[in-house]
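For reference, the structure discussed in these notes is given below.
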Amino acid sequence: MKELLFLGNLGTGEIIIIAIVVLLLFGGKKIPELMKGIGKGVKNFKDGVKGIEDDIDIDNTKDQNKTTDKQ
C-alpha cells in the first residue's frame, strides 16, 4: 500500500481509533450529513474547475481563429 503524503504510516489500529473518535465526536446521525456536505462541496469544486477549463479552451480557440484570419 502506498504511503499517503499527509498521513504518513497509518496502520489499521490507528485508522480504527480515528474512526471511533470521529463517531464519538459527531454521532451516528451527523456523519452521513457531513459526508453529504463534503460530497456536494467536491462536486461544486469540480464543476467550477471544469467551467474554468472550458473558458480557457474557448479563449484559446478565439485566439487561434484571430491569428488564422490575419494570415
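Show the residue pairs that are 6+ apart or on different chains and have beta-carbon atoms under 9 Å apart, the first residue being within region 2-22 and at pLDDT 85 or above, the second being surrounded by 11 or more Cβ atoms within 10 Å (Cβ to Cβ) and in a loop (DSSP other than H, G, I, E, B).
Ile18/Leu10
List every residue pair whose Cβ atoms lie under 9 Å apart, where the two residues are 6 or more positions apart in sequence or sit on different chains, the first residue falls within region 42-65 and is in contact (Cβ under 8 Å) with a residue 60 or more places away in the chain, and the second residue, located anywhere, is acidic (Asp, Glu).
Nothing qualifies.
The values are calculated or read from the model by the stated rules, or taken from the named source; none is laboratory data. Note that this is a predicted model, so its numbers are computed, not measured. Counting neighbours? That spans all protein chains shown, and the Cβs are built from the backbone with ideal geometry, glycine included.
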